[in-house]
Amino acid sequence: ATLKGHTEYVNAVACYTTQAGAPRVVSGSHDYTLKIWDPETQKLLATLKGHTYDVNAVASYTTQAGAVRVVSGSWDGTVKVWRTSDKARTASQTAGGTKVAPATSTKA
C-alpha cells in the first residue's frame, strides 16, 4: 500500500495499535506535519500541525491508562507529545527540556 498526503518528503514513520486493536501508521514530514493513517484502508485519519520546521522523528507509547501518545521531534528544536484520540498536542518541550505552553499537564 502507498499512503499519499504529505506535500513534501517523509522523514520518519512509526506504528501503533489503538485501544480497540486497530493498526495505525504515523508519518512525519518536511511539510512540518504528522499524519495518522489506517494502513488497512489507506485512509488519512488526521493531520497534526504545530511544528514550525521539518518533523524528523516520530515514536509512540502507551500510557498506564492504555491511551496511545505520539511523540514527534523537529528541526524547530521541539519535542511534541500528541493525544491520538483527539489530535490535540498535550505537551511541547524544547530540545533543552523547557516546557512550552502545554495544552494539558502530563507527567513523564
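The values are calculated or read from the model by the stated rules, or taken from the named source; none is laboratory data. Just so we're clear, the structure is a prediction, and the values are computed from it rather than from any experiment. Quick reminder, even Gly has a Cβ in these numbers, built from the backbone with ideal geometry, and neighbours come from all protein chains shown.
Residues of the range 1-17 that are outside any strand (DSSP E or B) and in contact with a strand residue (DSSP E or B) (Cβ under 6 Å, 6 or more places away or on another chain): L3, G5, H6, E8. Pairing residues of the range 32-55 that are touching a residue at least 40 places away in the same chain (Cβ under 8 Å) and among the polar types (S, T, N, Q) with residues that are assigned to a strand (DSSP E or B) and surrounded by 14 or more Cβ atoms within 10 Å (Cβ to Cβ), at Cβ distances under 6 Å and at least 6 apart in sequence or on separate chains, gives T47/T33; T47/K35.
Condition check ((1) exposed (fewer than 13 other Cβ atoms within 10 Å of the Cβ); (2) at pLDDT 95 or above; (3) among the aliphatic types (A, V, I, L, M)) across all residues:
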| residue | (1), (2), (3) |
| --- | --- |
| A20 | yes, no, yes |
| V25 | no, yes, yes |
| P39 | no, yes, no |
| T47 | no, no, no |
| H51 | no, no, no |
| A57 | no, yes, yes |
| T63 | yes, no, no |
| V68 | no, no, yes |
| V81 | no, no, yes |
